[in-house]
Amino acid sequence: MAKQKKIKVDKEQVRQRIKKIWPLLKKAYPDAKIALKFVNPLELLISTILSAQCTDVRVNMVTDDLFKKYRKATDWAEADLKEIEEAVRSTGFFRNKALNIKGACTRIVEHYDGKVPDTMEELLTLPGVGRKTANCVLGDAFGIPGITCDTHVIRLSGRLGLSENSDPVKLEFDLAEIVPKANWTRFSHLLIHHGRNICKARKPDCENCPLAKHCPAAKNEQLWLR
């Protein structure tokens, strides 16, 4: 592989790139949305906690029965921990996930009248909830713009030259400065869909990528933000 060329750019140039790729992503994935199945904020919170190091398909299989048995935060808070562990075992890291789910629901019952809070600050007080999970819940359950920095968003942001940061929190703040706030949630979904379908980790399909002409990585360039 040829050595990448380093090109100096500023944030305004990156904003202009986003303006160009935004309509292309919307056209490519008009129905892009979260893959986790849920009907209320609590179900999405539980599903997102379970999705760590697990596929959305597996999580949906598990929660299909779980959400019929545990319907309210009190159901989870009062459930036996071992019982929850067995119910979520197939999602991996089941002990930590069960502990976090029970702990989060207990706090929701004790501090938020059994309802999932709708602010970043409050969500971050729940066990097992970081900014990625909080943004997911805010954006998809409450309609409050949030940037979900999963592995796809991190990878594509680097390849597209949107940020030099691979740390999800730093990347979130970088993207918040260059992506219009109203588009935060959908932009996350579009990048995730593109990462799953075209811009894969091991072998990106640059030949069939609608973003290739705007992508530094496809042109073997490395952006140097100034």
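Picking from residues in segment 160-172 that are surrounded by 18 or more Cβ atoms within 10 Å (Cβ to Cβ) and not acidic (D, E), the one that is nearest to A212 (Cα to Cα) is L160.
Looking at segment 84-136, which of the residues that are in a loop (DSSP other than H, G, I, E, B) and either on the phi > 0 side of the Ramachandran plot or charged (D, E, K, R) (or both) is surrounded by the most Cβ atoms within 10 Å (Cβ to Cβ)?
Looking at residues that are in a loop (DSSP other than H, G, I, E, B) and either on the phi > 0 side of the Ramachandran plot or charged (D, E, K, R) (or both), I get G128.
Could you say whether any residue in segment 145-168 is at positive phi, part of a loop (DSSP other than H, G, I, E, B), assigned by TED's automatic domain parsing to the domain that holds L24 and touching a Cys at 6+ places or on another chain (Cβ under 9 Å)?
Yes.
Of all the listed residues (D64, D31), the sole one being free of Cβ contacts under 8 Å to residues at least 40 places away in the same chain and assigned to a loop (DSSP other than H, G, I, E, B) is D31. Here the condition is being modelled with pLDDT of 95 or more, of a type in the set (K, R) and more than 30 Å from D118 (Cα to Cα); of K33, K6, K19, K27, it holds for K27 alone. Inside segment 179-192, residues that are assigned to a helix (DSSP H, G or I) and either touching a His at 6+ places or on another chain (Cβ under 7 Å) or surrounded by 19 or more Cβ atoms within 10 Å (Cβ to Cβ) (or both) make up a count of 8.
The values are calculated or read from the model by the stated rules, or taken from the named source; none is laboratory data. What you see is a predicted model; the values in this text were computed from it and never measured. Neighbour counts run over all protein chains shown; Cβ positions are idealised from the backbone, glycine included.
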